[in-house]
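Okay, structure first, notes after.
The values are calculated or read from the model by the stated rules, or taken from the named source; none is laboratory data. Given the structure is predicted, the values throughout are model-derived calculations rather than measurements. Heads up, the Cβs are rebuilt from the backbone with ideal geometry, glycines too, and the neighbour counts pull from every protein chain shown.
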Amino acid sequence: MTNRIDKHIIRFILLLLTQVYILNNVLFLNIINPYIYIYFILLLPFNIPTFLRIILGFIMGFSIDLFTGSMAIHASATTFIAYFRPFILSLFAPFDGYEKNTEPTLQYYNLSWWLKYATTTTGIHHFTLFLMEVFHFKNMYFLFLKTILSTMLTVFLMTLLQLFFYKSKSNT
């Protein structure tokens, strides 16, 4: 149990520092920015209590806001996806449900499942974040383009992490 908590604490710190010191300085075509810190929320255990999931989402987003000086937009977007995570997971649940004591990783579920889950969650996060950033619907084309392209890059990076750190059950 303590080992699992330690793993999440280390993941939180590493993702926060990577986002703040490396990825916040990456901007492709002046619109594409990877926000890999949400990987922390995506990998939380299935059975985490609702209040804890929402608090952890808020803390991660608020930590990014503190480092970047943004006005709680990251905290809002991460709290939003932390709240809706069970609904998103239910959309892609296996026919017989999620296995007990598993995590949302390639170690337990396939690449297709991971891509659907990660893309949906990341897309919702990015759209929420970018909408709060501009706070108007004037240029919806730009908002959607930024959301789609940043989502694609973020999911690509998170998938690389999945492939690097987690082996599927069939390979073990």
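Structural remarks
- Candidate set: the range 94-119, residues that are free of Cβ contacts under 8 Å to residues at least 40 places away in the same chain and in contact with a helix residue (DSSP H, G or I) (Cβ under 9 Å, 6 or more places away or on another chain); chosen: the one farthest from HIS8 (Cα to Cα): PRO94
- In this structure, PHE62 does satisfy being under 25 Å from ILE13 (Cα atoms), without any contact (Cβ under 8 Å) to a residue 24 or more places away in the chain, in a helix (DSSP H, G or I) and aromatic (Phe, Trp, Tyr).
- Residues satisfying the stated conditions in the range 1-43, i.e. part of a helix (DSSP H, G or I), among the hydroxyl-bearing types (Ser, Thr, Tyr) and touching a helix residue (DSSP H, G or I) at 6+ places or on another chain (Cβ under 7 Å): THR18, TYR37, TYR39
- Residue, farthest from the chain's Cα centre (by Cα), within the range 53-77, restricted to residues that are more than 16 Å from LEU42 (Cβ to Cβ) and β-branched (Val, Ile, Thr): THR68
- Candidate set: the range 44-57, residues that are not in a loop (DSSP other than H, G, I, E, B) and not small (Gly, Ala, Ser); chosen: the one surrounded by the fewest Cβ atoms within 10 Å (Cβ to Cβ): PHE51
- Condition check for TYR98: over 13 Å from the mean Cα position of the chain (by Cα), modelled with pLDDT under 95, buried (at least 20 other Cβ atoms within 10 Å of the Cβ) and not in a helix (DSSP H, G or I): no
- Considered as a group, the residues in the range 1-37 that are surrounded by fewer than 10 Cβ atoms within 10 Å (Cβ to Cβ) and of a type in the set (S, T, N, Q) include one that is farthest from PRO104 (Cα to Cα), and that residue is ASN30.
- Subset of the range 71-90 [in contact (Cβ under 8 Å) with a residue 12 or more places away in the chain and among the polar types (S, T, N, Q)]: SER76, THR78, THR79
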